[in-house]
Amino acid sequence: MTSVYLKLITDDNMEECLQLKPREDQQRLVAPNSDSLEKAKREPSSRPYGIYADDTMVGFALFDEEVYPEDGYFWICRFMIDERYQGKGYGKAGLAAVLEQQKSHSDCVKIRISHVPENGVANRLYKGFGFIETGEVIGGETVLDYIISLNEYGLARFPR
Ligand SMILES: CC(C)(COP(=O)(O)OP(=O)(O)OC[C@H]1O[C@@H](n2cnc3c(N)ncnc32)[C@H](O)[C@@H]1OP(=O)(O)O)[C@@H](O)C(=O)NCCC(=O)NCCS
C-alpha cells in the first residue's frame, strides 16, 4: 500500500518541489510553488512541506505550525497536487496528513483555509473533511473553517 506523508522542504528537496505544478487550466487556482516558498520565508508561523507518496514528492502544502499572529488560528496557506499525480487520492491523503500535524499542536483550536470561488473541486474536498464555509471573503477568496474545540462560549478560541 502506498504510504502518504509530509516532509519539510529543505535544500535537499527544494528543486523537486519547484518542478511540481498543477494543470495549465488550474494555474489561476493556486500560486506557483516558487511564490509559496518565498511566502514561507516571510511568514514565520508557516512551514513548507512536500506531500510524498512512497519516495515521490507528489504535492506541496504550506501551513501554520504555530498560531498565525494576526488572528490566533492555524491556516493552510497553499495546497496542491502535481498534475501527474491528481485523481489518485493523494489530495485527500495529503490533506489528512496536514490536519493531523496541525491538530497535534495543543493550541490549534481552529484551522482556516481559502480558495478562489470557482474552485469547486477544492471546496468539495475541504467540506468532505468537515470544513464549513464561514461566509467570509478574504482577498477575493472563500474562507472555510475546521473547528477543533469550542470553549464554554461556543467560540473556537479562549478569551485572551
Ligand atoms: C484540489 C486538488 C489538491 C485535489 O487533489 P487530488 O489528488 O486530485 O484529489 P483526490 O484524488 O484525493 O480526490 C479528492 C476528491 O476530488 C475529486 N476530484 C479530483 N480531481 C477532480 C476533478 N478534476 N474534477 C472533479 N472532481 C475531482 C475526486 O473525485 C475526489 O472526490 P471523492 O472523494 O468524491 O471521490 C488538486 O486538484 C489540485 O492540486 N488542484 C490545483 C490546485 C488547487 O486547486 N489547490 C487548492 C487551492 S485552495
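When region 123-148 is limited to residues that are assigned to a loop (DSSP other than H, G, I, E, B) and of a type outside the set (A, V, I, L, M), the one that is least open to solvent (accessible area, probe 1.4 Å) turns out to be 131. Of the residues in region 118-125, at least one is of a type in the set (Gly, Ala, Ser) and at pLDDT 95 or above.
Of all residue pairs spaced 6 or more apart or on separate chains, those with beta-carbon atoms under 7 Å, a first member in region 7-30 that is closer than 16 Å to residue 58 by Cα and a second member that is outside any loop (DSSP other than H, G, I, E, B) and hydroxyl-bearing (Ser, Thr, Tyr) are 7/49; 7/52; 8/49; 9/49; 18/34. Of the candidates 23, 42, 78, the single residue that is among the basic types (Lys, Arg), at pLDDT 95 or above and more than 18 Å from residue 139 (Cβ to Cβ) is 23. Here is a list of conditions, (1) surrounded by 18 or more Cβ atoms within 10 Å (Cβ to Cβ); (2) of a type in the set (Gly, Ala, Ser); (3) over 22 Å from residue 99 (Cα atoms), and residue 34 meets all of them except one; can you say which number that is? Unmet condition: (1).
With respect to the stated conditions, residue 73 fails to be in contact with a Leu (Cβ under 6 Å, 6 or more places away or on another chain), more than 10 Å from the ligand (Cβ to nearest atom) and open to solvent by less than 70 Å² (accessible area, probe 1.4 Å). Do the conditions hold for residue 120, that is, is it within 7 Å of the ligand (Cβ to nearest atom) and either surrounded by fewer than 20 Cβ atoms within 10 Å (Cβ to Cβ) or without any contact (Cβ under 8 Å) to a residue 12 or more places away in the chain (or both)? Judged against the criteria, residue 120 is not a match.
Looking across region 86-109, the residues that are open to solvent by less than 50 Å² (accessible area, probe 1.4 Å) and either within 13 Å of the chain's Cα centre (by Cα) or within 18 Å of residue 16 (Cβ to Cβ) (or both) come down to 90, 91, 93, 94, 95, 96, 97, 98, 99, 102. Across region 89-117, the qualifying residues are those that are among the charged types (D, E, K, R) and touching a residue at least 12 places away in the same chain (Cβ under 8 Å), and the one among them that is farthest from the ligand (Cβ to nearest atom) is 107.
The values are calculated or read from the model by the stated rules, or taken from the named source; none is laboratory data. What you see is a predicted model; the values in this text were computed from it and never measured. Quick reminder, even Gly has a Cβ in these numbers, built from the backbone with ideal geometry, and neighbours come from all protein chains shown. For the accessible areas, the whole protein counts, side chains as well, though only heavy atoms, and no ligand, DNA or RNA atoms are used. Shrake-Rupley method; radii C 1.70, N 1.55, O 1.52, S 1.80 Å.
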